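Remarks on the structure that follows.
The values are calculated or read from the model by the stated rules, or taken from the named source; none is laboratory data. None of the values given here were measured: they were computed from a predicted structure. Counting neighbours? That spans all protein chains shown, and the Cβs are built from the backbone with ideal geometry, glycine included. What goes into the accessible areas is simple: the full protein's heavy atoms, side chains included, and nothing from ligands, DNA or RNA. Shrake-Rupley method; radii C 1.70, N 1.55, O 1.52, S 1.80 Å.
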Amino acid sequence: MLERSHPPLLEVDRLSRHFPVRGFLGRRVATLRALDDVSFTMEDGEVLGIVGETGSGKSTLGKTLMGIHAPTAGEVRLGGTRIAAPGLRRAASVRARLQYVYQDPGASLDPRWTLRRSLHEPLRIHTNWSRDRREAKVQEIVAAVDLPRTHLDLYPHEISGGQLRRAGLARILVLNPQLVILDEPTAGLDVSVQAAILALLRELRREFSLTYIVISHDLAVVRSFSDRVAVMYLGRIVEIGPTAEVFGGPRHPYTRSLLAAAPRVGGPRVTESFLLLGEPPDPLQLPWGCRFRTRCRLAMPECGGLAVQLDYEAGHGVACPRWRQWDMGHRPAPPGSEAPWPHR
Amino acid sequence: MTALLDIGEFSLSFRTASGTAPVLERIDLAVRPGEIVGLVGESGCGKTTIIRSILGTLPERTALIEGGHIRVDGVDMLGGGKAAQSMRGRGLTFVPQDPFASFNPLFRVGTQIRDLLRWRAAGAKNARSGSSRQIVEAAISAMLDAVQLPQSILAKYPHELSGGQRQRVMIAMAMLPQPRLIIADEPTTALDVILQAQILSLLRRLAVERGVSVLFATHDLAAAWEICDRIAVMYAGQIVEIGPREAFFDASRHPYTRMLLASLPEPGRNSEVIPGGVPNPLKPPAGCRFNPRCPKVTAICSEARPTLAAIASDHLVACHHPWPANAQATHA
């Protein structure tokens, strides 16, 4: 790494978040390691995509960064200042710089408030501006998200779903955040609506010089939208790097399987050559060492003993000691000669 | 070859408090034996309504059949006769979007599968005698192997199963009565990419092996591309284009289909937005319902509804101004 004069916008350092699983009389019977020893950094203006299956810890990561969950271990620094660590209380000024967008941002508007009141509220909490100054800011943002000014006096049920979404985004933008975490911004949307939302998010990013973390299980969205991508599996980042490199030349066996599983219009039928069998193991009884080794075709006994760390090579990190072996005699088995189904 | 599922000129309206909504207009769709047909379209376009019409699960009080026919294997499914009743669940089975909602949470999976077979399997009437019970058990056990589930799953309750396992059990239950047609309504929407690939490959493999036809409704174009032989696109209650899988994605003719494909996120280009919004179901535009959003619109588009006509072999388009086969332009 080069010596730098200023710290990166976001530094995540060995961040963990564990949840206790309680049994009879509230006794702690197990620990769910939803997020385990995750580290990465982000530069100003970057878009980082986070992909992974359900239960891989994507949303826990977003919520721990946001301060909704307190970390169990590790810390998060925003512009060099520590903003999350075990036992650290977050200052209000930090909360304004970081915003979280839920799947349907319109749903976070109060149905009994006019849009104007909903948009003023964050400014009333975080600033001591006069009413006029707040109103000027609200007008500016409403114009930026392409919402008619007359809509400010309407209630959420009076405007369409797409406009509601814009209003929800406006509410986040009035505070001038630096980092916006988008949690599944396109889940459950039709492709044509999805395209409109992605276009809006791109435009807002340019206009307000935002940095995005995009959490999604939709690989196509992440691929078209992000500069860098991190692949998570069972609470850990298994691969991180520039989007074109990760999608073009995936290294971790899990990333390869994930990309091979995504059907692409115009591509070959993936179901005819698809390899990865089984489902992730029970998150309460994770395998030691590399967590993917129970489903990995490169797995060796030593994968269970190693503390597998992200190994960076020119900005492309992979948490697998054996990824270079993939092309050496480990050709995928032909379809039909499948391994026996792992009984649970 | 005669069609296994034959929908012709089928129109349906829903009575609502604010008027009658013509949700399906003159639907023509056929599924041939052994074929996997995709029914794609955005939410609200009428995919699920077609499926519910075939399955006979329309809300009785509000649904109004305006005309047309739906036949499965020659049996009329709209009249509600005995033949249609015995077709459902035997010759015609269903894989739902949310498998969890389809299980009874209080009974073990094995009990539910056996119950199904007692009433719905071929020759089920005799299944109470010892020897045929053994045949049923053997069929269940063979089917579990086919969907790659351990036998121990029979003793579990639905909540003990993971999402992928539940969908596998659903596919097993749809296959066990040895149907001729399976209707799948967004079977993989709730699943991750890897599980989706596993389930789609399972569905396709079993359907091809057993010669079962599948009507696969989805809003996910990539999933349709993955398993279908032919694809039908719907927009606002009309079928706009039906074509073989390759022709569909390489040489689609209808402006809506092209715009839908252009709105997919692809590396190297930004997805394009279809201007405008879906029409109000109570007052759909006259003629072609896509005309207010269409780049090629002319006067005739709002005067006459284009009929679904063959434009190449096995490729039908309902458009007054279809794109030529090789045109690259998606937006005028």
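Leaving out same-chain residues fewer than 8 places away, which lysines sit with a Cα under 26 Å from that of residue B:283?
Result set, ordered by chain and number: B:47, B:296.
Interface A/B, total buried accessible area with a 1.4 Å probe, nearest 100 Å²? Before the final figure, lay out the partial values.
Details: alone 18050 and 15350 Å², together 29780 Å².
Heavy-atom accessible area buried at this interface is about 3600 Å².
Rg and Dmax in Å for region A:10-325, alpha carbons only: what are they?
Taking only Cα atoms of region A:10-325, I get Rg and Dmax of 21.1, 67 Å.
How many Cβ atoms of partner chains, on average, are near each residue of A:257-267 if near means within 10 Å of its Cβ?
On the way: counts 3, 4, 1, 3, 9, 6, 12, 6, 14, 8, 3.
Neighbouring Cβ atoms belonging to other protein chains average 6 per residue here.
Which of the residues in region B:244-265 show a loss of at least 30 Å² in accessible area from their chain by itself to the complete set of protein chains, at a probe of 1.4 Å?
B:245, B:263, B:264, B:265
What net charge is computed for the residues neighbouring residue A:129, neighbours being all others with C-beta under 10 Å from the C-beta of residue A:129, Lys and Arg scored +1, Asp and Glu -1?
Numbers: positive: A:124, A:131, A:133, A:134, A:137; negative: A:132, A:135.
My count for the surroundings of residue A:129 gives +3.
Using a 1.4 angstrom probe on heavy atoms only, work out the carbon and sulfur share of the accessible area of region A:10-325 in %. All intermediate terms of the calculation are to be shown ahead of the outcome.
On the way: 6880 of 13620 Å².
Ligands and nucleic acids excluded, carbon and sulfur reach 51 percent.
Treating only the Cβ of Lys, Arg, Asp and Glu as charged (+1, +1, -1, -1), what charge dipole size does chain B show about its Cα centre? Round to the nearest 20 debye. Let's see the in-between values first.
Working: 34 positive and 29 negative charges, 195 e Å.
Here chain B has a charge dipole of around 940 debye.
Let me check I've understood the local charge: for residue A:200, count other residues with C-beta under 10 angstrom from its C-beta, Lys and Arg +1, Asp and Glu -1. What total comes out? Mind showing how you got there, number by number?
Working: positive: A:165, A:166, A:202, A:205; negative: A:146, A:203.
The answer is +2.
At q = 0.07, 0.08 Å⁻¹, what log₁₀ I(q)/I(0) does a Debye calculation on the Cα points of the protein assembly as shown give, no solvent, two decimals?
-0.53, -0.70
Can you compute the modelled spin-label distance between residue B:9 and residue A:24, with each label point 7 Å from Cα toward Cβ, in nm?
About 7.1 nm, to one decimal.
³J(HN,Hα) across region A:77-91 via Karplus (A = 6.51, B = -1.76, C = 1.60, θ = phi - 60°), whole Hz, x for Gly/Pro?
Taking θ as phi minus 60°, the curve returns 10, 10, x, x, 8, 6, 10, 9, 7, x, x, 8, 8, 8, 6 Hz for region A:77-91.
At a 1.4 Å probe radius, carbon and sulfur cover how many percent of the accessible area of region B:5-228? Don't skip to the answer; put the middle values down first.
Working: 4710 of 8980 Å².
Within region B:5-228, the accessible surface is 52 percent carbon and sulfur.
If each residue of separation counts as 0.36 nm, what is the full-extension length gain between residue A:70 and residue A:300 once their alpha-carbon separation is subtracted? Show your work: numbers first, answer last.
Working: separation 230, 0.36 × 230 = 82.80 nm, distance 3.57 nm.
Separation in residues times 0.36 nm, less the Cα-Cα distance, equals 79.2 nm.
Take every residue in peptide A:220-230, count the Cβ atoms of other chains within 10 Å of its Cβ, and give the average of those counts.
Values: counts 7, 3, 1, 4, 8, 3, 0, 0, 0, 0, 0.
Partner Cβ neighbours, averaged per residue: 2.
Of the peptides A:128-139, B:168-179, B:223-234, how do they stack up when ordered by the mean number of other Cβ atoms within 10 Å, highest first? It would help to have the intermediate numbers written out before the result.
Details: A:128-139: 13.5, B:168-179: 22.6, B:223-234: 24.4.
Output ranking for A:128-139, B:168-179, B:223-234: B:223-234, B:168-179, A:128-139.
Please sort B:208-220, B:247-259, B:143-155 by packing, taking for each peptide the average over its residues of neighbouring beta carbons within 10 angstrom, highest first. Don't skip to the end; give the middle numbers.
Values: B:208-220: 20.2, B:247-259: 22.6, B:143-155: 17.0.
Top of the packing list down: B:247-259, B:208-220, B:143-155.
May I ask you to order A:162-171, A:88-97, B:285-294, A:250-259 by the average number of other C-beta atoms within 10 Å around their residues, highest value first? Walk me through the intermediate numbers first.
Values: A:162-171: 22.1, A:88-97: 13.3, B:285-294: 20.0, A:250-259: 23.8.
Highest mean packing first, the order is A:250-259, A:162-171, B:285-294, A:88-97.
Considering only DSSP beta bridges with both partners in region A:10-325, what is the antiparallel share in %, to the nearest 5?
Values: 29 of 46 bridges.
Here the antiparallel bridges make up roughly 65 percent for region A:10-325.
Express the accessible area of chain B per residue in Å², computed with a 1.4 Å probe while the remaining protein chains stay in the model.
Values: 13560 Å² over 332 residues.
That works out to 41 Å² per residue.
So what is the accessible area of chain A per residue, in Å², with the probe set to 1.4 Å? Walk me through the numbers on the way to the answer.
On the way: 16220 Å² over 344 residues.
Dividing the accessible area of chain A by its residue count gives 47 Å².
Does chain B classify as rounded, prolate or oblate by the C-alpha gyration tensor (a ≥ b ≥ c root eigenvalues; a/c under 1.5 gives rounded; else a/b over b/c gives prolate, otherwise oblate)?
prolate
State the answer as a single residue: which of A:118, A:136, A:8 lies farthest towards the positive end of the charge dipole of region A:1-152, with beta carbon charges of +1 for Lys and Arg and -1 for Asp and Glu, about the Cα centre.
A:118
Report the one residue of B:109, B:95, B:165 whose Cα lies farthest in the direction of the positive end of the charge dipole of region B:73-203 (charges on C-beta: Lys and Arg +1, Asp and Glu -1; origin at the Cα centre).
So the residue we want is B:109.
Need one value for B:196-208: mean number of C-beta atoms belonging to other chains within 10 Å of its residues' C-beta atoms.
Working: counts 6, 11, 7, 1, 6, 8, 1, 1, 3, 3, 0, 0, 0.
Going residue by residue through B:196-208 and averaging, the value is 4.
Just for chain B, what percent of DSSP beta bridges are antiparallel, to the closest 5? Don't skip to the end; give the middle numbers.
Details: 31 of 50 bridges.
Roughly 60 percent of the DSSP beta bridges within chain B come out antiparallel.
Please turn the phi angles of region A:180-195 into ³J(HN,Hα) values with the Karplus equation 6.51 cos²θ - 1.76 cosθ + 1.60 (θ = phi - 60°), one per residue in order, whole Hz, x for glycine and proline.
Listing the rounded values in order: 10, 9, 9, 9, 6, x, 10, 4, x, 9, 6, 4, 5, 6, 4, 4 Hz.
Within a Cβ distance under 10 Å of residue A:266, other residues only, what is the Lys/Arg minus Asp/Glu net charge?
For residues surrounding residue A:266, the net value is -2.
Go ahead and estimate [θ] at 222 nm for the protein assembly as shown from helices alone: -39,500 (n - 2.57) per DSSP H run with n ≥ 4, summed, over the residue count, rounded to 500. Please list the in-between numbers first.
Details: 20 runs with 199 residues, N = 676.
It comes out at -8500 deg cm²/dmol, rounded to the nearest 500.
Please list, in order along region B:157-169, the HN-Hα scalar couplings obtained from phi with the Karplus expression 6.51 cos²θ - 1.76 cosθ + 1.60 (θ = phi - 60°), rounded to whole Hz, x for Gly and Pro.
8, x, 6, 7, 8, 7, x, x, 5, 4, 5, 5, 4
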